[in-house]
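For reference, the structure is listed below as structure tokens.
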Amino acid sequence: MSTTIAEPRAWCVVVPHHARGAHVARHRLADELDTLVPAGRLDDAVAIAAELVGNAVCHAAPLPGDVIRVAWRLLADGGLEIRVTDGGSPAGPQLRVATPDALDGRGLTIVAALATGWGVERDGLGQCVWATL
């Protein structure tokens, strides 16, 4: 008996390099994946996308046109990959230890806790932070 692997599916949305960009990305991702992934995984994916876009807005330059590109895809093995591409920053993304009363500094810690893996890729355009579930 042979196993059929479903074709991977992918989506991409360009959002403003502004706090509302995270809102747009969260809702678009949730709408597209609502019936395709289990509810718990969808909640984690939405949280990861929001954190990555929020970090791009706060810490990185925009892509040309003052935007951030958010892409996600269902993988043939049942996994999910989320990629947020921005114009980059001098220091690059890194995990930080936030004090209990800190107002920020937890974004990548949240991503690392929810994802099975994450990383950063750089090219001539900027940087892409990705996470898999």
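The apolar share of the surface of the chain, taken as the fraction of accessible area on carbon and sulfur atoms (1.4 Å probe, ligands and nucleic acids excluded), comes to 55 percent. Per-residue Karplus couplings for segment 79-93, computed as 6.51 cos²θ - 1.76 cosθ + 1.60 with θ equal to phi - 60°, are listed in order as x, 9, 10, 10, 10, 10, 10, 9, x, x, 8, x, 7, x, x Hz, Gly and Pro entered as x. Taking every protein chain into account, the accessible area of the chain amounts to 57 square angstrom per residue (probe 1.4 Å). Computed packing ranks the peptides 22-33, 40-51 as 40-51, 22-33, most packed first, by mean other Cβ atoms within 10 Å. Peptide packing for 88-94, 106-112 was compared via the average number of neighbouring C-beta atoms within 10 Å per residue; ordered from the highest value, the list is 106-112, 88-94. Helix 39-59 and the longest principal axis of the Cα set of the chain meet at an angle near 30°. Amide H contacts of Leu80 (H built 1.01 Å from N, in plane; Pro and chain starts excluded): Leu75, Leu133 sit under 5 Å, all sequence-distant by 5 or more or on other chains.
The values are calculated or read from the model by the stated rules, or taken from the named source; none is laboratory data. Note that the coordinates shown come from a computational prediction; the quantities given were computed from them, not determined experimentally. Virtual Cβ from ideal backbone geometry, glycine too; neighbours counted across all protein chains shown. These area figures cover heavy atoms from the full protein model, side chains too; ligands, DNA and RNA do not enter into them. Shrake-Rupley method; radii C 1.70, N 1.55, O 1.52, S 1.80 Å.
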